[in-house]
Every structure is written in structure tokens, then in C-alpha cells.
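All remarks here apply to the structure that follows.
The values are calculated or read from the model by the stated rules, or taken from the named source; none is laboratory data. Because the structure is a prediction, the values reported are computed rather than measured. Don't worry about glycine lacking a Cβ; one is built from the backbone with ideal geometry, like all the others, and counts go over all protein chains shown.
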Amino acid sequence: MNIPLRVAVLENIHTIGIDLCRQFSVVDVLTQLSRQKLLNIIKHYDAIIIKSVTCVDHELLRHAPKLKAVGRAGVGVDNIDLSALEQQGITLITTPGENAVSAAEFTVCLILHLCKRMSEVVINMSQRDFRRHLLEGRELSTMIVGLVGLGNVGMAVATRLSTFGCQIMGYSKIVKSPQEFLRIGKLVNSLEELIAAVDILSFHVPLTAETKHMLNANTLAHTTRPILVVNTARGAVIDDQALLDAINAGRVKAAALDVLTPELPYDEKSRASSYTHPLLQHDKIFVTPHLASSTEEAQVRIATQIAQQLRAVLLYREVTIEN
């Protein structure tokens, strides 16, 4: 008798992906497990589906003798020990490019939010303070936007910003489409050079040893005027204390952050959560709960691709869609 394949969904994905996985496996949706409970049950599963919170490390893999695949619903892999997967012959599945449009649109939304001082508008309106002359914003078309990272998301942001008439500059070790970017923007050779030139700084890089805390006290010292900071990449690309110090010193006018480190507990209700973070308390920092990819269209694409690739790996030991 054939033993059915089992897949554990450890972080929320669109139901279309769960339904597709159920065509070839038994699927358990286990989105609120404690670490210890996860370690106790992971031995039963052939594959897991995660996002950015679940830590896949040596400890987890020691408890997962049947595991054949890890499906990362997204692209960031800073929560996954890649060498440990390779050592055990476990296939990693990601969904590159599927969230680029959503993340780019959300980035533009945050940029406009800062330019138009919307956090202050909301506060003043809630206090019935209607003095609009205190809330004058900026026209994006008059500003210089610096993009750190020009992969799928960074390029999609650049394309969308070009319609606003602003100047666009970029710094990236790898540029997905150099000629396309050079038609709408200018490349610089260092983060310091970029910071010195821009009004708005937006991050679109993966978290690596090289990018961790790349925005820090030393790099922020190169500002030539108060800047706006946007981060929809990973929280740890910014040194939290350095950002707070720069805001308090006036080098950073305001920040909009879709990501924090550690990640927020996305499955907890507000009254049940004990999560705290210093960046949540500052009135010049606008924080959202990692929403850049949270559109129905992106989540359908991501969940569909994860399910398709898991089917190929678990049934045929091949990845059908290039990572």
C-alpha cells in the first residue's frame, strides 16, 4: 500500500495553493504552532510551506527525516539554512518575480505616504485639528529617489516611478536590466554616493551578510539633507538604532517600514501579542505588517507556483519552474 505524501502549511498561503496540493498529498494547515510543537510533528511530513517567519535550520531538519522539499512562498531565504538543505538533499522552492508588481506598487504607495505626510494627516484629523497649512507635503516630481537593489522589485519600482517625473538613481551589485534602467535612471557606484544625492531612499535587496545593517550610522552620515527612508525588503538591512538616531538628529525626516526584525507575529491577534519593537513607538516612523506582497493576485500566483513545483518535486523529483 502506498503511503500518502504529507505537506504541512506552516504560514498562510492562498487557498488555491492548498487545494492544488491536496490533489497529490494530505495537507495539514498548521499556522500557529509553537517551535516545540513543530519540532515534535515535523517528522511526519514530506514537505513544508513557509514564508518569512519559520526558521528552517539544522535543529528543524534533525527532526525531519522524511522532508524532501521546503516551499518558500516568496523569495527571501534569510530564514533558511541553505547549506543544511543541500547537505540533506532537500529541495528549496521559491517564487521569484511573482510578487514584484505588488511589492512595487506598495513601495510607491509608501513613498507617496511620506511625501504627503499622511501619518501626520491621520493624527491631526483624529484630534480634529484641521489646519491644513501645517501639513504641506512635497511633489514627488521634484524629488530624487534612490533605489538600493535593482532586481525584479527594484526594477518594477523604477518603471513605476518614472511616470511621476522624479529623478531616479540606483545602486545595486547586480542590475536585472541595466539598459532598461539607464533609460530612466542613473547608476552610482556606492551606497554612500546614493545617500548623498537623494531625497528618498528605498531598499529592495535580499538580506545577506553584506546587506545586513547596510543603512547604519556611517552610511547615514553621508546625507546632505533630511531624507525619507522606505524599506520593503528585510528589516535587518537597516540598523534600528542608527535610524532612530538619524531621525532624532534630523538627518532622516521620516521612515516607512514594511518589515521589522524580528518579524511581527502575523497570526496573533492584537490582545494576545506580547510583541514590542522600538520602531513601533516613534511618531515619524510608519510601520506596516509586511504587506508589500499581500495582494490577491500575487498570493494566487505564489501559491499556485509553490503547489506546481511541490508536485513536480514530490512526484517526479524535478523542479518544473526555474527559481
Lone qualifier among 60, 33 - being hydrophobic (A, V, I, L, M, F, W, C) and either out of contact with any helix residue (DSSP H, G or I) (no Cβ under 9 Å at 6 or more places or on another chain) or at pLDDT below 95 (or both): 33
Checking the condition surrounded by 19 or more Cβ atoms within 10 Å (Cβ to Cβ), under 17 Å from residue 111 (Cα atoms) and either in contact with a Cys (Cβ under 8 Å, 6 or more places away or on another chain) or at pLDDT 95 or above (or both), which residue from 233, 242 passes? 233
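Output the number of residues of segment 55-73 satisfying the condition of being under 24 Å from residue 205 (Cβ atoms) and surrounded by fewer than 22 Cβ atoms within 10 Å (Cβ to Cβ).
The total comes to 2.
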Can you tell me which residue is nearest to residue 146 (Cα to Cα) among those in segment 192-236 that are among the aliphatic types (A, V, I, L, M) and in contact with a His (Cβ under 8 Å, 6 or more places away or on another chain)? 195
Could you go through segment 29-46 and let me know if any residue there is of a type outside the set (S, T, N, Q) and touching a residue at least 40 places away in the same chain (Cβ under 8 Å). yes
Which number in (1) surrounded by fewer than 22 Cβ atoms within 10 Å (Cβ to Cβ); (2) within 25 Å of residue 151 (Cα to Cα) marks the one condition that residue 274 misses? (2)
